[in-house]
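This report concerns only the one structure given below.
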Amino acid sequence: MIIQTRAIKASSGATDTATHIFSGEKNEQIEVLEGSEFQLNNAMQTAQSENLKYGFHHFKISPKEALSREQFSDVLNDLSNEYKFDKDDITVVEHTKPRATQDAYNKHWHVIVPHYQQEQKKALDTKNSYARNEKIARLAEIKNGHAIVQGQHNKAVYMQLLDENKTAEAELVKPLIDLERTSQAHTVNQQRKAEKNGIDLPTEKQAIKSLWQASDNLKAFKSALQSQGYEIKAGQKANTYIIEKNGLFVGSANRLAGMKKEDFAQKYKKEIEQNDKKPKLRFGSDKQEANNTTINTQTRTIGERENDGNNRAFDTRGGGRNSDSTDIKSFERDIRTAKDIIKISRTAKQNNAQTVAKIRINSTLSDISTIHVDNDDKTASASGIRAGNEVIALHKKLQQIDEEIKKYFGNMQKQQYYNNLSIEKIKKKQALNKVNSSAKEKYTILKERPKIRGWKDIKEELENEPFSEYQKAKKSKEKCEEDIKLLENKKYGFFAIFKKSYKEDKKRLAELKENLPILSKLETDKSHNYDVKLRVSYDEAKAQQDKQKQEQEDYDKKHDIENVRAEFNKLKEIKEDILSNDKDIIEDVYKNGPENELKKRQQEEQKQLEELAEKQKKEAEKTAKLSQARTNAMLKKMDGSKKSQEELEAEELNTLGFKP
């Protein structure tokens with residue numbers, strides 16, 4: 001079992017995480033066991049209001065073997081007990097998804113835990129989360145009878161289990177300490193980067209492991225990798241070899257092959273790097289090669305016709321003739337066996353070496369049409385080699401430049417694509433920053449607005465201090481009276497006058513009787529002060545409340561608090577519109593700031609108020625005319641009119657200029 005934890009910053013929002021856990025496309029089935037997307041957003045908002053860096057923590061629990069929901073619930077309880085979080089606030093989502101290896105369980109769980117814990121009124125403590133997660137995973141494996149997985153913090157887990165008096169479990173974990181420490185297969189960021197480029201890291205790693213198992217040796221493994229589009233090369237660290245695909249890191253070669261780093265490096269150097277080294281050309285007499293090689297006059301050669309002063313170059317594609325052809329034919333008849341070569345004179349051996357060098361150069365330069373070397377020059381072979389090497393180097397350099405140009409333009413296209421893709425996000429982010437900055441100013445003004453307390457609360461506070469002093473003085477007097485009574489009733493027996501304690505008690509009794517009148521007077525004074533405060537506290541409380549009202553009124557007038565409150569509410573609306581991707585508002589705020597949008601909304605609101613006032617005015621006029629028409633109709637009816645009430649009302653309304 002593997003338990004991973006990732007802290008999500010409050011500034012990044014909950015959208016990406018919510019999209020992944022609630023609607024991940026690669027999952028065959030998604031089932032929400034507890035919580036909702038609202039809880040993720042609420043955790044982010046709470047963290048922002050508490051000025052915390054992180055909004056929530058994303059736990060991912062991936063068992064290697066089958067795990068029922070009841071067993072998963074036990075793991076969740078262990079997590080809750082370890083990190084001290086409230087399970088009522090968490091979100092739990094179950095994903096069903098095929099794993100890279102066929103024997104791995106196809107279910108895993110995502111658990112979202114708010115960073116700020118409401119019950120504890122503090123942030124979640126996730127220090128040493130790697131070791132703590134491994135401890136919970138090992139306990140779950142032991143409890144459910146699963147194979148114990150080797151982690152990265154085996155010793156820390158072992159020591160912690162001992163501290164928790166879980167000796168039996170600790171002994172099962174202890175053998176892992178002596179094993180080679182494992183490393184994480186890949187980080188979340190590496191996996192996300194690969195997915196953006198169409199590469200599934202778990203699948204690719206499993207494919208590489210299959211290639212290794214099907215290969216007899218490293219050379220075959222390397223060939224198999226190349227045929228599948230992989231590249232194996234040396235890493236930045238010593239004795240490290242990595243495997244890449246399309247320039248993206250897939251994994252360490254030794255880990256994918258299941259070998260120790262040093263063993264893999266030694267094997268690679270022995271089987272691959274030594275074979276890749278090209279043998280140096282020898283330009284001396286090579287008896288075996290001369291014995292086994294038949295020199296064909298159609299072979300590409302280097303030379304210049306001696307009898308032609310135009311220095312025409314020989315065509316390496318074959319079919320040409322020059323003075324070297326005669327020399328080669330003549331020399332071909334002389335060289336038949338290795339014994340013949342031994343008998344050749346020193347001068348003939350030198351000529352032989354030059355001819356062999358020319359043949360080797362011509363065979364190497366298969367893509368070069370012509371090349372000119374002075375045949376009379378004794379250093380013809382060296383000149384030819386230098387010229388050939390220069391051409392080969394130039395050709396390779398041109399190929400390298402061509403690849404770099406292609407790569408550059410490919411990167412430019414990708415960069416342009418991602419720039420176009422992210423420009424809206426950048427504008428949206430900057431627009432949000434501007435709105436948040438302006439809203440923060442308004443919020444500060446509203447927050448610093450003087451508060452008005454109730455007069456009862458002020459009165460109670462004014463009375464509490466003298467009442468507390470009175471109670472204290474009263475208790476001191478009562479304590480003194482009680483001590484005097486105890487000392488006076490204390491019995492000492494015969495010869496008490498000779499006892500040291502008797503003298504000390506008499507002295508203490510005299511001091512208490514001397515202090516009693518002072519304490520009684522103090523109690524009387526404090527009681528009087530309290531009575532006075534009771535009579536005047538109402539007036540003082542009202543006066544303080546009036547003062548607070550005046551301070552608030554002055555503050556509101558100075559900062560135009562109603563307008564600030566209205567603008568703050570409008571800024572919240574603008575922020576919601578930006579979050580809902582209203583492109584017109586995003587563009588306007590991005591270019592001009594929120595002030596322009598605020599002005600537009602204020603004008604719209606004013607227009608709506610005017611329209612509402614006009615509508616209310618018309619409604620009032622209509623009501624007044626209807627009432628007047630009804631009254632006039634009733635009066636006419638009372639005067640003996642034979643028309644109906646409705647007819648009379650219609651006539652009156654027509655007279656008043658109102659058409660129903």
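The values are calculated or read from the model by the stated rules, or taken from the named source; none is laboratory data. Only a predicted model underlies this, so the values are computations on that prediction, with no experimental measurement involved. Cβ atoms come from the backbone with ideal geometry, glycine included; neighbour counts cover every protein chain shown. Heavy atoms of the whole protein, side chains included, go into the accessibility calculation; ligands, DNA and RNA do not. Shrake-Rupley method; radii C 1.70, N 1.55, O 1.52, S 1.80 Å.
Summary of computed values
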| quantity | calculated |
| --- | --- |
| Only listed residue being on the phi > 0 side of the Ramachandran plot, without any contact (Cβ under 8 Å) to a residue 40 or more places away in the chain and not β-branched (Val, Ile, Thr), chosen from 165, 154 | 165 |
| Candidate set: segment 7-55, residues that are assigned to a loop (DSSP other than H, G, I, E, B) and of a type in the set (Asp, Glu); chosen: the one modelled with the lowest pLDDT | 25 |
| Elements of type strands (runs of 3 or more DSSP E) contained in segment 193-265, each with 2 or more residues being in contact (Cβ under 8 Å) with a residue 40 or more places away in the chain and either closer than 29 Å to residue 98 by Cβ or among the acidic types (Asp, Glu) (or both) | 248-252 |
| Only one of 474, 557 that is within 30 Å of residue 455 (Cβ to Cβ), under 60 Å from the mean Cα position of the chain (by Cα) and assigned to a helix (DSSP H, G or I) | 557 |
| Tally of residues being touching an Asp or Glu at 6+ places or on another chain (Cβ under 8 Å) and open to solvent by 70 Å² or more (accessible area, probe 1.4 Å) across segment 70-86 | 1 |
| Any hit, segment 100-122, residues being among the hydroxyl-bearing types (Ser, Thr, Tyr), open to solvent by 10 Å² or more (accessible area, probe 1.4 Å) and modelled with pLDDT under 90 | yes |
| Conditions (1) under 23 Å from the mean Cα position of the chain (by Cα); (2) surrounded by fewer than 16 Cβ atoms within 10 Å (Cβ to Cβ); number of the one not met by residue 39 | (2) |
| Members of segment 533-568 that are β-branched (Val, Ile, Thr), touching a residue at least 40 places away in the same chain (Cβ under 8 Å) and either over 28 Å from residue 440 (Cβ atoms) or open to solvent by 80 Å² or more (accessible area, probe 1.4 Å) (or both) | none |
| Matching residues, segment 547-589, being hydroxyl-bearing (Ser, Thr, Tyr) and modelled with pLDDT of 90 or more | 555 |
| Residue that is least open to solvent (accessible area, probe 1.4 Å), among those in segment 142-159 that are over 20 Å from residue 74 (Cβ atoms) and either of a type in the set (A, V, I, L, M, F, W, C) or assigned to a helix (DSSP H, G or I) (or both) | 154 |
| Scope segment 21-32; condition in contact (Cβ under 8 Å) with a residue 24 or more places away in the chain and of a type outside the set (Asp, Glu); matching residues | 21, 22, 24, 26, 27, 29, 30, 32 |
| Failed condition for residue 440, given (1) open to solvent by 40 Å² or more (accessible area, probe 1.4 Å); (2) within 18 Å of residue 598 (Cα to Cα); (3) touching a helix residue (DSSP H, G or I) at 6+ places or on another chain (Cβ under 9 Å) | (3) |
| Residue in segment 125-141 that is out of contact with any His (no Cβ under 7 Å at 6 or more places or on another chain), over 30 Å from residue 14 (Cα atoms) and open to solvent by 50 Å² or more (accessible area, probe 1.4 Å) present | no |
| Residues satisfying the stated conditions in segment 636-646, i.e. surrounded by 12 or more Cβ atoms within 10 Å (Cβ to Cβ) and part of a helix (DSSP H, G or I) | 636, 637, 645 |
